[in-house]
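The values are calculated or read from the model by the stated rules, or taken from the named source; none is laboratory data. It should be emphasised that the depicted structure is a prediction, and the values quoted were computed from it without experimental measurement. We place every Cβ from the backbone using ideal geometry, glycine too, and count neighbours over all the protein chains shown. What goes into the accessible areas is simple: the full protein's heavy atoms, side chains included, and nothing from ligands, DNA or RNA. Shrake-Rupley method; radii C 1.70, N 1.55, O 1.52, S 1.80 Å.
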Amino acid sequence: MTTAELVASLSPELRLACVNTIKMLAADAVEKAKSGHPGAPMGCADIAFVLWSEFLRYDADAPRWQNRDRFILSNGHGSMLLYAMLHLSGFDLSLDELKNFRQWGSKTPGHPEFGHTVGVEVTTGPLGQGIAHAVGMAMAAEMAAARFNTDSFKPIDQYIYGICGDGDLMEGVASEAASLAGHQKLGRLIFFYDDNEISIDGDTDISFTEDVPKRFEAYGWHVQRIDGHDHAQISQAVKAAQAVTDKPSLIVAKTIIGNGSPNKQGKEISHGAPLGAEEIKLTKESIGWPVEPTFYIPAEVSAFYAQLKGAKQADHKAWAEGFAAWAKANPEKAKLWQVHFDHLVPADLDEQLVAVIAGKKDATRVLSNQVLNRAAELVPQLVGGSADLQGSNGTLMKNQGHFGPGGHLGERDTSRDGRNLYFGVREFAEAAAINGMTLWGGFRVYGATFLIFSDYMRPAIRLAALMGCPSIYVLTHDSFYLGEDGPTHQPVEHHEALRAIPHNYYWRPADGVETAMAWAYALMEAKGPVCMALTRQALPPVERPAGFQNRDVWKGGYVAMAGTDATIIATGSEVETALGAAKLLAEKGIALRVVSMPCVDLFEQQDKAYQDAVLGTGKIAAIEAGRTTGWYKWTGRDGLVIGLDDFGASAPAGKLAEAFGFTPAQVALRIETWLKG
């Protein structure tokens, strides 16, 4: 029996039993944990049932099947809705895991976590980000479809589905992402808006009275309004959304939060707290559900989902057979498919990237662009763009086309297989979207802005780190050296702030070699996000000692100049300053060791023997155009740290270097005085 035939055969009674199973699994789990959010799962159970049974394509035994539909629960506090669906649908998530909701070591944490729970496509909970990540997934799906689909077979024809709530739509990132999705005409994106008119503080009227449907219509979305508890309306709305191929769709579903709870439905008290033992009992009695045992699943519901699992797997099998024929008929496309989805890159990619910039003096943002364009030739799955700053960020890939819905936009012709992305001034949505594209699979994606505006990106960078998502963030104009734009645009605390995110790899390269190796690391080695902080001002190539190997850069820090009297650690543009100071001190008989540390995060992962060999046994200083606090870990309390612990100023870069004490002569004097003291 096909999926459609199976769903069509459902009796009203069995439909109701399935929905009630979803509701009570969520309510029982929250009650047992004495923590969680039962309201959204109970209110959205009808939507989830219809979507997962009738429309969502998945194979529970092959959860990473490339052409599966994606489902994103943006209002991740309602995680038990997703966990209930995953369990019932046959994914490797046992009933015991549902019983251990929010407990130590379980696969059912308070908010869904990608990589932790099978079937979770993206980590959600920070509201609005689920929508923004889904936009990226829809962009990736469009791009892949353009590259691989043929008239005879379409390896990529899935949809990106999701559910969001009022909180999601209040967050600014959702507005950014929705605007981008409408502009890009992402017809594969279909979201339900759980319009229950309740927030934690009470009725949404106290804070949120805008006309959401009109807002999304203005963004260019296809908008429908339905009763979120009427299965026929839910089904018809999805079909209508699928038929609109040139607009993303928002289905505004009127729902009752905590639906089924006699005394708490429709009220904020059902949002973020257990219903309570007595209310659980009353709820079960009101819907004709056994009070005991808890976590009850009727036999007929289990039987239906077992049949549904087989029908969904038959869909996957049919696709696989079509894919095999397609691959045989299209060997070049099949080879490219493998390159994308196995993320294949040349074994000597790092050597080829370094060769592009060998011996060149320029700003690292300029050198990065040269490296990027060579990488674009060697890594076809590399795509990316910038927040309206491609010229400044150096992120345009030449002759690689411009991603868009097709046709002439401004000065550019766009197509779905273009590799240059235009995010506009939407840094938060940009960062989340490139995460979504990366998580979708098949692409390695970068996004760019000025380092100062990583403040807008940071929540999405943090999620990338939490997910182990190897997104690439190109962050230029990395210090007060950008000059005349002044303190509003001059990063001070940003180096430390981004290094503080666990599993985020923050690079500040000193020259072309380190810039090339940062890109090579991002494309060859990274298991998490990579941030590159690049200069506006030109830097000379670093003269390195004999025996240096390019992959020494991947150790995070290495000796750039030998010396025995003391050590100075430097990053980025300050490596040049430190080397200049070392040469001045050498004239006075002081042998200063200079350590370039382009990636502190990688240096921290090296064993102590390597760290000691690089840092030496003498006194240690550090210099960086930013806050000094983090460097005392390496210098010790008695070490010297030269930095900037206040905001910058508007002036030419050279004047600022002198005013802030960053010339080689000033640094040499401070080190000499420190050593004598």
Quiz item: Is it the case that some residue within segment 407-415 is open to solvent by 10 Å² or more (accessible area, probe 1.4 Å), at pLDDT 95 or above, of a type in the set (G, A, S) and over 22 Å from A146 (Cα atoms)?
Solution: no
Self-check item: Selection count where residues are part of a helix (DSSP H, G or I) and either among the aliphatic types (A, V, I, L, M) or surrounded by 24 or more Cβ atoms within 10 Å (Cβ to Cβ) (or both), scope segment 482-520
Solution: 14
Practice problem: Could you check how many residues of segment 348-387 are closer than 25 Å to V575 by Cα, open to solvent by less than 10 Å² (accessible area, probe 1.4 Å) and either among the hydrophobic types (A, V, I, L, M, F, W, C) or not in a helix (DSSP H, G or I) (or both)? | Solution: 6
Quiz item: M397 fails exactly one of the following numbered conditions: (1) under 16 Å from E176 (Cβ atoms); (2) open to solvent by less than 40 Å² (accessible area, probe 1.4 Å); (3) over 11 Å from the mean Cα position of the chain (by Cα). What is the number of that condition?
Solution: (1)
Exercise. Check off (1) surrounded by 24 or more Cβ atoms within 10 Å (Cβ to Cβ); (2) under 21 Å from G78 (Cα atoms); (3) among the charged types (D, E, K, R) for E176 and give me the number that stays unchecked.
Key: (2)
Quiz item: With respect to D348, is the statement that it is out of contact with any Gly (no Cβ under 6 Å at 6 or more places or on another chain), at pLDDT below 95 and more than 23 Å from A429 (Cα to Cα) true?
Solution: no
Exercise. Considering only segment 80-103, state which residues are free of Cβ contacts under 8 Å to residues at least 40 places away in the same chain, assigned to a helix (DSSP H, G or I) and either surrounded by fewer than 23 Cβ atoms within 10 Å (Cβ to Cβ) or not aliphatic (A, V, I, L, M) (or both).
Key: D96, E97
Exercise. Determine which member of the set L344, L275 is part of a loop (DSSP other than H, G, I, E, B), free of Cβ contacts under 8 Å to residues at least 40 places away in the same chain and of a type in the set (A, V, I, L, M, F, W, C).
Key: L344
Exercise. Being surrounded by fewer than 18 Cβ atoms within 10 Å (Cβ to Cβ), within 21 Å of L16 (Cβ to Cβ) and more than 32 Å from the chain's Cα centre (by Cα) narrows it down to one of I297, I287, so name that one.
Key: I287
Practice problem: Answer yes if at least one residue in segment 193-214 is of a type outside the set (A, V, I, L, M), in a helix (DSSP H, G or I) and crowded, with 24+ Cβ neighbours inside 10 Å, and no otherwise. | Solution: no
Practice problem: Select from segment 229-251 the residues that are touching a residue at least 40 places away in the same chain (Cβ under 8 Å) and buried (at least 19 other Cβ atoms within 10 Å of the Cβ) and list them in ascending order. | Solution: H231, I234, V238, A241, K247, P248, S249, L250, I251
Exercise. Please verify whether segment 43-57 includes one or more residues that are in contact with a helix residue (DSSP H, G or I) (Cβ under 7 Å, 6 or more places away or on another chain), among the basic types (K, R) and assigned to a helix (DSSP H, G or I).
Key: no
Practice problem: Could you tell me whether any residue of segment 319-327 is farther than 30 Å from A33 by Cα and not hydrophobic (A, V, I, L, M, F, W, C)? | Solution: yes
Quiz prompt | Residue count, segment 388-408 (criterion: touching an Asp or Glu at 6+ places or on another chain (Cβ under 9 Å) and in a strand (DSSP E or B)) | solution = 3
Quiz item: Within segment 619-640, how many residues turn out to be open to solvent by 10 Å² or more (accessible area, probe 1.4 Å), modelled with pLDDT of 95 or more and farther than 22 Å from I452 by Cβ?
Solution: 9
